[in-house]
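Everything below concerns the one structure shown next.
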Amino acid sequence: MKILVTGAAGFIGMHLSERLLERGDEVVGIDNLNDYYDVQLKYDRLKKLEGYDRFTFIKMEIADRDAMQTLFEEQAFDRVMNLAAQAGVRYSLINPHAYVDSNLIGFVNILEGCRHTKVKHLVYASSSSVYGANTNMPFSAHDSVDHPVSLYAATKKSAELMAHTYSHLYNLPTTGLRFFTVYGPWGRPDMSPSLFAGAILRGESIDVFNEGKMQRDFTYIDDIVEGVVRVIDKVAESDPEFDTSASDPSYSYAPYRIYNIGNNEPVELMTFIETIEEAIGKKAQKNMMGMQNGDVVATYANIDELNNAVGFRPSTQLSEGIPKFIKWYREYHKL
C-alpha cells in the first residue's frame, strides 16, 4: 500500500514509518520540522528512514492548503496516518494559535485531501487529554469528553467531531486513536522520560508536579506502533444498527471509530521516577511542585474495544521499557 504519514520526523511518526517500510509498504512522510523542540533530533530520526527505497520525505506544513491539495492529487494514497499536530498541553497556554493552525486548519486540509482523492482509510492521532475533567476510571471511549481542560485537548476533540462529519457526509472511513503517554527511544525531549533522565544524568533537580500524586498510563513505543499498524489495516465500517439515541461517541452509523490506545496499566509518578533512577543507577533530586494548569491527575486507558477490534494488547512492562529508553538516551546524548 501507499501510505501518507504526517509528522514523519516525530517520535511516533518515525517508528511507524520504519515499521510500515519493513513490511513492504511505500511511505510518503511529511513534516514541517518546526522548532517546538530540538530540530536536530527530527533530522536524526529522518536519517533512519532515508535508507529505505520506498520512503519519500517532503518538508511540508499541513496548514498549507494549496500544498496539501497538490500532494494528495499527485500521490494517490491508499491510507493516511495523521500524526502531525502541535503537541503539548502546557505550550497551548502560551501559543494557542499554533494549535489552531495545525490541529484544526491542518486537519481540515487532510480531511479534504482524503475526501477528494478517495482515500480508503484515514487514521489520526487524538489524545487521552480529551478526557479532561472526567474522573471515571479507566477512561472509556464510550464516555462523554465534553469538558476539556486545555486548548490542546479541545483541538483534539474538535478533530474527532470533524472526522465524524466527513465520515457521515462523504462516507470517508476514519479512525481516531486516543494515545496515552508514549515513551521509548527517540522520544520527545519535552516529555517526562527525557526531562527526568537528562536531569538525573546531569546531576540537576527534577520538577515533580502535584507532589508526585499523579498516575500515567505509560505505553512503550513498540506496543503503540503494533496497535497503530493493526488499526490502519482495519478499515472503519458503518454500523446500520447504531442507536442514535444512545449518544455513544466511540462509533457511529457512519464509517467512524474512536479507540483508546494505551498500556491499560497506570503507574504512580513516583514509581515511574524510581524505575528511571534504577535504570540510571542514580537518585533524583526532586522539587515537589503543585498542580499545573491544564494537567490532569491521572490517565488510565480502557482498551477493550481496541482489543476486540484488532487484538491489540500491550506487552512491554515499564521495568523492560525504561532500561531500553535509558540505553538509547545515554548513547544519543553521549552521557
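The values are calculated or read from the model by the stated rules, or taken from the named source; none is laboratory data. Bear in mind the structure is a predicted one, so any value in this text is a computation, not a measurement. Cβ coordinates were reconstructed from backbone atoms using ideal geometry, including for glycine residues, and neighbour counts include every protein chain displayed. Note: accessible area is taken over every heavy atom of the protein model, side chains too, but ligands, DNA and RNA are not part of it. Shrake-Rupley method; radii C 1.70, N 1.55, O 1.52, S 1.80 Å.
Taking amide H positions as placed 1.01 Å from N in the peptide plane, with prolines and chain starts having none, which residues 5 or more places from Lys286, or on another chain, fall under 5 Å of its amide H?
Ile206
Once amide H atoms are placed 1.01 Å from N in the peptide plane, what residues at a sequence separation of 5 or more from Val182, or on another chain, have their amide H within under 5 Å of its amide H?
Those qualifying (amide H under 5 Å, at least 5 residues apart or on another chain) are Thr219.
Can you give the direction-averaged projected area of the convex hull of the alpha-carbon atoms in region 96-195, in nm²?
Working: hull surface 30.9 nm².
Over all viewing directions, region 96-195 projects a mean Cα-hull area of 7.7 nm².
Hey, what did the chain get for relative contact order, percent, Cα under 8 Å, at least 6 apart? Please list the in-between numbers first.
Numbers: 663 pairs, mean separation 60.6, N = 335.
Relative contact order here is 18 percent.
Once the Cα atoms of helix 192-202 and of the chain are each reduced to a long axis, what angle between those two axes, in degrees from 0 to 90 to the nearest 10, is obtained?
So the helix axis and the longest Cα principal axis differ by about 30 degrees.
Stokes-Einstein at 20 °C, 1.002 mPa s, Kirkwood radius from Cα pairs: D for the chain in µm² s⁻¹? Before the final figure, lay out each step's value.
Details: Rh = 20.3 Å.
Estimated via Stokes-Einstein, D reaches 106 µm²/s.
Taking the highest mean first, how do the peptides 42-53, 304-315, 159-170, 10-21 order by number of other beta carbon atoms within 10 angstrom per residue? All intermediate terms of the calculation are to be shown ahead of the outcome.
Numbers: 42-53: 14.3, 304-315: 17.0, 159-170: 18.7, 10-21: 23.8.
Ranked by mean Cβ neighbours within 10 Å, highest first: 10-21, 159-170, 304-315, 42-53.
Report, in degrees rounded to the nearest 10, the 0 to 90 angle that the Cα long axis of helix 151-170 makes with the longest principal axis of the chain.
20
Ordered by packing density, taken as the mean number of other Cβ atoms within 10 Å over each peptide's residues, highest first, how do 262-268, 113-119 rank?
Details: 262-268: 20.6, 113-119: 18.1.
Packing order, densest peptide first, comes out as 262-268, 113-119.
With viscosity set to 0.692 mPa s and temperature to 37 °C, compute the Stokes-Einstein D of region 206-268, Rh being the Kirkwood radius across alpha carbon pairs; µm²/s, no decimals. It would help to have the intermediate numbers written out before the result.
Working: Rh = 14.7 Å.
Value of D from the Cα-based Kirkwood radius: 224 µm²/s.
Could you give me the ³J(HN,Hα) list for region 280-289, computed from phi with Karplus coefficients 6.51, -1.76, 1.60 and θ = phi - 60°, whole Hz, x at Gly and Pro?
7, x, 7, 7, 8, 8, 10, 9, 7, 10
Ignoring everything except DSSP H segments at least 4 long, calculate the 222 nm mean residue ellipticity for the chain; use -39,500 (n - 2.57) per segment, divide by total residues, nearest 500.
Numbers: 11 runs with 127 residues, N = 335.
After summing the helix terms and dividing by the residues of the chain, the value is -11500 deg cm²/dmol.
Using the Karplus curve 6.51 cos²θ - 1.76 cosθ + 1.60 with θ = phi - 60°, what ³J(HN,Hα) values do you get for each residue of region 33-45, in whole Hz, with x for Gly and Pro?
For region 33-45, the Karplus curve yields 6, 6, 9, 4, 9, 3, 5, 4, 4, 5, 5, 5, 5 Hz.
How much solvent-accessible surface does Lys120 expose, in Å² to the nearest 10, with a 1.4 Å probe and all protein chains in place?
Its accessible surface works out to 110 Å², give or take rounding.
So who's got an amide H within less than 5 Å of the one on Val267, skipping anything under 5 residues away but keeping other chains? H placed 1.01 Å off N, in plane.
Close amide H contacts, sequence-distant or interchain: Arg216, Asp217, Phe218.
State the volume of the convex hull built on the alpha-carbon positions of region 232-301, expressed per residue in Å³ and rounded to an integer. Write down the numbers at each step before the final one.
Details: hull volume 11.2 nm³, N = 70.
Cα convex hull per residue, to the nearest whole number: 159 Å³.
Give, to the nearest whole percent, the P(r) tail of region 276-335 beyond 17 angstrom, counting all Cα pairs.
Numbers: 1172 of 1770 pairs.
Percent of Cα pairs beyond 17 Å in region 276-335: 66.
Per residue of region 118-124, what does 6.51 cos²θ - 1.76 cosθ + 1.60 with θ = phi - 60° give for ³J(HN,Hα)? Whole Hz please, x for Gly and Pro, Karplus curve as stated.
Computed from phi, the couplings for region 118-124 are 6, 4, 7, 6, 10, 10, 9 Hz.
For the chain, give the magnitude of the charge dipole about the Cα centre (Cβ charges: +1 Lys/Arg, -1 Asp/Glu; no others), in debye to the nearest 20.
On the way: 33 positive and 45 negative charges, 138 e Å.
Approximately 660 debye in magnitude.
Provide the percentage of antiparallel DSSP beta bridges, counting only those with both residues in the chain; round to the nearest 5.
Of all bridge pairs located within the chain, approximately 5 percent are antiparallel.
Using only Cα atoms, find the angle between the long axis of helix 221-233 and the longest principal axis of the chain, and express it within 0 to 90 degrees, rounded to the nearest 10.
Orientation of helix 221-233: about 10 degrees from the principal axis.
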